[in-house]
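Inspection log for the structure reproduced underneath, given as structure tokens.
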Amino acid sequence: MLTLEVQLHPEVLAIARLDTLRSPPMPTGEFWALVRRNDELSLLAPEASVPEGVLYESGWRALIVRGPLELGLVGVLLRLLEPLAAAGVPILALSTFDTDVVAVPDDRLAEALAALRGAGIGVHGEG
């Protein structure tokens, strides 16, 4: 079975929908992601990096799989998402070249961490 450990990112994040016709902002901080899909541009970043006047939701926490992971690994997100789904915890998922990230609502963080620990996933950086 695949052994996984996640690192809780310390900052509270926001997910924002940006205007696709404008240049996206350059967020600050250690963690942020900008994703474009057709006519949608989304930013996951510290709330201070969200431009004024855009639709956003704050209160997300990132759980970053300790890596780097081999690109050919199968089932990494499944190992994370199954216990979170069973616990009824909403997620935002994204992947980078080296790892996977799952963001969960900050007000459901304790439930998310308990579900992951219950599934044998090591959790670091809580508290």
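FYI, it's all coordinate maths here, none of it is from the lab. Note that the structure is predicted; figures quoted are calculated from it, not measured. Because the Cβ atoms are built from the backbone with ideal geometry, glycine has one as well, and the counts that use them run over all protein chains shown.
Considering 25, 51, the condition of being in contact with a strand residue (DSSP E or B) (Cβ under 8 Å, 6 or more places away or on another chain), in a loop (DSSP other than H, G, I, E, B), surrounded by 15 or more Cβ atoms within 10 Å (Cβ to Cβ) and not aromatic (Phe, Trp, Tyr) is satisfied by 25 alone.
Taking every residue in the range 90-107 that is within 16 Å of residue 13 (Cα to Cα) and pairing it with any residue that is among the polar types (S, T, N, Q) and assigned to a strand (DSSP E or B), at least 6 positions away or on another chain, the pairs with Cβ-Cβ distances below 8 Å are 101/95. Is it the case that residue 34 is out of contact with any Ser or Thr (no Cβ under 7 Å at 6 or more places or on another chain), hydrophobic (A, V, I, L, M, F, W, C) and over 17 Å from residue 101 (Cα atoms)? Judged against the criteria, residue 34 is not a match. Across the range 89-127, the qualifying residues are those that are assigned to a loop (DSSP other than H, G, I, E, B) and polar (S, T, N, Q), and the one among them that is surrounded by the fewest Cβ atoms within 10 Å (Cβ to Cβ) is 96.
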